[in-house]
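Visitor: Following this message is one structure expressed as structure tokens.
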Amino acid sequence: MMEANKLAVDVQRIHQLNSLLRPFIKRPSSGDAITFEQYRILHELAMEKVSTSELARRLNVGQSMISIQISRLLNNGYIDDETLATDRRYHVFEITPRGRRIEEHVSDVLNEELPELIQQLTEIVNTR
């Protein structure tokens, strides 16, 4: 009986965490709607040009997810695709000025709101 009660409490906590994180992660930014996954890619590309496989490794996600997000970012003009002259099959991606503006805006929002979000998460996790 105690295990069932503990499970119910854990499930409730997960639901609370999910409810708190969903609007934060899915929120459009500065009129340009990007997902949190797309932001993570832009954030990596703001530092340096990177390949699809390297992005997948760094973000610890599958290459197919990265490819889908890369396609959307390319279509919206947030990144550019560059092939190497030595090997036309190898692509690296770089952030565009438009993508950099979005990445900087979302980073500012994160810096402003993240401490409060972490406080709320801590309160949920610590309620035992």
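Visitor: Given the criterion touching a residue at least 12 places away in the same chain (Cβ under 8 Å), of a type in the set (Ser, Thr, Tyr) and farther than 30 Å from residue 14 by Cα, identify the matching residue among 39, 78.
Guide: 78
Visitor: Kindly establish whether residue 113 is assigned to a strand (DSSP E or B) and open to solvent by less than 90 Å² (accessible area, probe 1.4 Å). Break it down stepwise before answering.
Guide: Working: assigned to a strand (DSSP E or B): no; open to solvent by less than 90 Å² (accessible area, probe 1.4 Å): yes.
Answer is no for this residue.
Visitor: Does residue 34 satisfy the criteria of being surrounded by 15 or more Cβ atoms within 10 Å (Cβ to Cβ) and either free of Cβ contacts under 8 Å to residues at least 60 places away in the same chain or part of a helix (DSSP H, G or I) (or both)?
Guide: Criteria not met by residue 34.
Visitor: Does segment 75-93 hold any residues that are modelled with pLDDT of 95 or more, over 18 Å from residue 105 (Cβ atoms) and open to solvent by less than 60 Å² (accessible area, probe 1.4 Å), and which are they?
Guide: Selection gives 93 alone.
Visitor: Checking residue 74 against (1) more than 23 Å from residue 17 (Cβ to Cβ); (2) touching a helix residue (DSSP H, G or I) at 6+ places or on another chain (Cβ under 9 Å); (3) of a type in the set (A, V, I, L, M, F, W, C), only one condition comes out false. Which one?
Guide: (2)
The values are calculated or read from the model by the stated rules, or taken from the named source; none is laboratory data. Since the structure is predicted, the reported quantities are computational estimates derived from the model, not experimental observations. Please note: Cβ atoms are built from the backbone with ideal geometry, for glycine as well, and neighbour counts cover all protein chains shown. Heavy atoms of the whole protein, side chains included, go into the accessibility calculation; ligands, DNA and RNA do not. Shrake-Rupley method; radii C 1.70, N 1.55, O 1.52, S 1.80 Å.
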